[in-house]
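Nothing in this text is a laboratory measurement; each read-out follows from the coordinates by a stated rule. Predicted model, so just to flag it, every value in this text is computed and none were measured. Counting neighbours? That spans all protein chains shown, and the Cβs are built from the backbone with ideal geometry, glycine included.
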Amino acid sequence: MRTRRTARTIVAVVAAVLLTGSAAACGNSDTGDGSAADATITLGFSQVGAESGWRTANTTSIKEAAAAAGIELKFDDAQQKQENQIKAIRNFIQQKVDVIAFSPVVESGWDTVLKEAKDAGIPVILTDRSVDSADKSLYKTFLGSDFVKEGRLAGEWLVEQTKGASGPVNIVELQGTTGSAPANDRKEGFAQAIAANPNLKIVASQSGDFKRADGKQVMEQFLKANPKIDVLFAHNDDMGLGALEAITAAGKVPGKDITIITIDAVKDGMQALADGKFNFIAECSPLLGPQLMDLAKKVHAGEEVPARIETEETTFTQEQAKQALPNRKY
Ligand code: AHR
């Protein structure tokens, strides 16, 4: 009798263990209240590309943060093409991911695909760059920098440096990717800051697509076409670093003959600043991964999140770059 009861107990325990095991293997452990609190979240992320040091650091931040947060990341590199991003987002919708995030290569042309995501009930988070959609309900939040402010800070520094300068100050501008939010906004912010100083004149402005090679090539053209260039405003470090090569090859001393202002503050840019080749950098932080994962969890859980989350940033002079460089992570 006693032996039969013991055997029944063992069978029951084994069954319970097996059941628990199979539930855990399914991953979706229902909490009983209809929610799936500890289920793995799948995040589809469409990245712009790999055009700059900033972008590489941003990709690393997102991948590392997803792994740390236990989020399954489906990562797609759009190679700076909007059609690739739209295709990736449609794939994410088909795969029924829990959350979609993306950094839009350009500002316009997203309404249709964003509506498709909304109709499929998949929340969308914008990171780094925003879109110009009038319907703000198409995405949950936008996490990223204030690009107009970055451009303004760059311009204000120049106004301060050229105070009392007699004669015209000729500026050339290397713009980021045409139609992208950072190119549009940095241009606008810089123009606003220098507007009250008619001696500060932008004599040439062209896109270098946020890339080092393009920055070099466009700067070569600027140097050929403009005998007197006093200042270069580059919308990112990489284009500024490319331009350095063109300036040196033209027999000029970067940072002295031509004042160089850039945006980002990645390690290579900070090194150029500390070495006296750049003169000022307005920071744009790529370390968005941890905040993005936090937001993905919240929107998946149906929690309200702020419509706009602005990244904290600073600026660097040559002296400040020397101090910050040893601890710079990217
Ligand atoms: O959107 C952020 C910008 O994109 C960075 O300033 C630039 O380096 C990158 O490619």
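Quick notes on this one:
- Which listed residue is surrounded by 15 or more Cβ atoms within 10 Å (Cβ to Cβ) and more than 24 Å from the chain's Cα centre (by Cα), from 292, 223, 232: 223
- Residue satisfying all of: in the range 169-189; touching a residue at least 60 places away in the same chain (Cβ under 8 Å) and of a type in the set (D, E, K, R); farthest from residue 216 (Cα to Cα) among these: 186
- Elements of type strands (runs of 3 or more DSSP E) in the range 208-327, at least 1 residues being touching a strand residue (DSSP E or B) at 6+ places or on another chain (Cβ under 7 Å) and among the basic types (Lys, Arg): 308-310
- The range 236-275: number of residues that are within 16 Å of residue 157 (Cβ to Cβ) and either away from the ligand (no atom under 16 Å from the Cβ) or hydroxyl-bearing (Ser, Thr, Tyr) (or both): 4
- Residue match in the range 160-171 (condition: out of contact with any helix residue (DSSP H, G or I) (no Cβ under 7 Å at 6 or more places or on another chain), assigned to a helix (DSSP H, G or I) and either farther than 19 Å from residue 283 by Cβ or not acidic (Asp, Glu) (or both)): yes
- The sole residue among 183, 213 that is within 16 Å of the ligand (Cβ to nearest atom), crowded, with 20+ Cβ neighbours inside 10 Å and aliphatic (A, V, I, L, M) is 183.
- Picking from residues in the range 119-133 that are hydrophobic (A, V, I, L, M, F, W, C) and touching an Asp or Glu at 6+ places or on another chain (Cβ under 8 Å), the one that is nearest to the ligand (Cβ to nearest atom) is 131.
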